[in-house]
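Q: I have a structure I would like to understand better, so I am pasting it below and will then ask my questions one at a time.
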Amino acid sequence: MVELTKYSWWGEPNEPPPHLKTKKQLGELGLSPLKPLGVIPTRKYDVFLYDSTNPESCRPKRKPSPKQLEILAANRLKAQIKRDYREWYREVGFIERDRVSAVLWAREQLSQNDWVILDTETTGLDDAEIVEIAIIDRTEETLLDTLIKPSIPIPAEVTEIHGITDEMVADAPTFPQVYPRIDAALKKKRVIIYNASFDIKILAYCCRLHNLPVLQLSKRSECLMEWAAQWGGDWSYYYEDYKYFPLPGGGHRALEDCLAALDCLKKMAGDSDQINCPVPIPQKN
């Protein structure tokens, strides 16, 4: 085996003569490497050198055929489409994908009849009691709509929100009296709730407060507020999540909010399920 002549890096003593080229430099000249005649040793790798004037060291590149050029152009176009799509998806495209997912979820719900919509009005946010509850089915039939007398007064600032006063609930049934009707309306049903975590928390608190079995809604509930936020597409890059918005058409009364939630679900389902993408979408192989 012929020992290769060793050279130093360009700009240093013993740099390669001009006719010795690296593989990359040969490519720029339209040449392909055959046999190296020199080498520049480095710590990580060796840079081999080829004599651009010696036919035993390199040869002209073969010109591609028209078919090869066609395939090359097609592959470059595919690569460009993938790059453009990845950039669009990384910046905003995932928002459009999530919108379509929310639309398809809403349509799936409306195609089934194993769910109800529930809403409550309360005495506050934490350790609060229910003062009104409503449950409707997918046909807008009212399964339950009643005021509930809490064991504590309704704060004035809360009354300003939903309009329910102590006088309005004075003769209303208590939570234990309404509980069997709630349990019956929710039996073997999934529950769709706008801001599900809040209503489920309040219902569980009232059950424990009155020593009643907790309704176990967490595993059979869907939060419409989260799906609607995804559908709305107001993405927070800071929090890396969608921003929630108030229930459209809701008036802070239980039955009215149930109907508004159903209307929101229908509007989501009626939206386009086509991805609005300004760049070509890569085709799956």
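The values are calculated or read from the model by the stated rules, or taken from the named source; none is laboratory data. All of these numbers come straight from a predicted model, not from anything done at the bench. Positions of Cβ are backbone-derived with ideal geometry, glycine not excepted, and every protein chain shown enters the neighbour counts. Remember, those area values only see protein heavy atoms, side chains included, never the ligands or the DNA or RNA. Shrake-Rupley method; radii C 1.70, N 1.55, O 1.52, S 1.80 Å.
Q: Applying the selection to the stretch 9-68, what residues are among the β-branched types (Val, Ile, Thr) and open to solvent by less than 90 Å² (accessible area, probe 1.4 Å)?
A: THR22, VAL39, ILE40, THR42, VAL47
Q: Restricting attention to the stretch 96-136, report how many residues are of a type outside the set (Asp, Glu), in a loop (DSSP other than H, G, I, E, B) and crowded, with 17+ Cβ neighbours inside 10 Å. Step through it out loud before you land on a result.
A: Initial filter on the stretch 96-136 (of a type outside the set (Asp, Glu)): 97, 99-107, 109-113, 115-118, 120, 122-125, 128, 130-131, 133-136.
Remaining after also requiring in a loop (DSSP other than H, G, I, E, B): 111-113, 123-125, 128.
Adding the requirement that they be crowded, with 17+ Cβ neighbours inside 10 Å leaves 123, 128.
The number of residues fulfilling the criteria is 2.
Q: Only one of (1) under 18 Å from the mean Cα position of the chain (by Cα); (2) surrounded by 14 or more Cβ atoms within 10 Å (Cβ to Cβ); (3) under 26 Å from TRP115 (Cβ atoms) fails for LEU259. Which number is that?
A: (1)
Q: Which of the residues belonging to the stretch 4-40 are polar (S, T, N, Q), out of contact with any helix residue (DSSP H, G or I) (no Cβ under 8 Å at 6 or more places or on another chain) and not in a loop (DSSP other than H, G, I, E, B)?
A: Quick first cut of the stretch 4-40, residues polar (S, T, N, Q) only: 5, 8, 14, 22, 25, 32.
Add one more test, that the residue is out of contact with any helix residue (DSSP H, G or I) (no Cβ under 8 Å at 6 or more places or on another chain), and what stays is 5, 8, 14, 22, 25.
Selection gives THR5, GLN25.
Q: Among the residues of the stretch 206-261, what is the count of those that are closer than 16 Å to ILE133 by Cβ and basic (Lys, Arg)?
A: Residues that pass the stated criteria total 1.
Q: Inside the stretch 167-190, can you point out the residues that are part of a helix (DSSP H, G or I) and either aliphatic (A, V, I, L, M) or touching a helix residue (DSSP H, G or I) at 6+ places or on another chain (Cβ under 8 Å) (or both)?
A: Here is the first cut: in the stretch 167-190, the ones part of a helix (DSSP H, G or I) are 167-169, 175-186.
Passing the criteria: MET168, VAL169, PHE175, VAL178, TYR179, ILE182, ALA184, ALA185, LEU186.
Q: Which of the residues belonging to the stretch 219-240 are without any contact (Cβ under 8 Å) to a residue 12 or more places away in the chain and either touching a Leu at 6+ places or on another chain (Cβ under 8 Å) or among the acidic types (Asp, Glu) (or both)? It would help to see each step written out before you state the result.
A: Kept after step one, since they are without any contact (Cβ under 8 Å) to a residue 12 or more places away in the chain, are these residues of the stretch 219-240: 219, 234, 236-240.
Across the stretch 219-240, the qualifying residues are ASP234, GLU240.
Q: Filter the stretch 177-201 down to the residues that are closer than 15 Å to ILE136 by Cα and open to solvent by 30 Å² or more (accessible area, probe 1.4 Å) and list them by number.
A: Those that are closer than 15 Å to ILE136 by Cα and open to solvent by 30 Å² or more (accessible area, probe 1.4 Å): ARG181, ASP183, ALA184, LYS187, LYS188, LYS189, ARG190.
Q: So which pairs qualify, if the first residue must be in the stretch 183-201 and farther than 15 Å from LYS219 by Cα, the second must be of a type in the set (D, E, K, R) and surrounded by 19 or more Cβ atoms within 10 Å (Cβ to Cβ), the Cβ gap must be under 8 Å, and the two must be at least 6 apart or on different chains?
A: TYR194/ASP119; TYR194/ASP257
Q: Follow-up. Would you please name the residue that is modelled with the lowest pLDDT, looking only at residues in the stretch 93-134 that are over 21 Å from LYS267 (Cβ atoms) and in contact with a Cys (Cβ under 8 Å, 6 or more places away or on another chain)?
A: GLY93
Q: Same structure, new question: Where residues in the stretch 137-165 are assigned to a helix (DSSP H, G or I) and touching a Ser or Thr at 6+ places or on another chain (Cβ under 8 Å), which of them is surrounded by the most Cβ atoms within 10 Å (Cβ to Cβ)?
A: Checking each candidate, the answer is VAL158.
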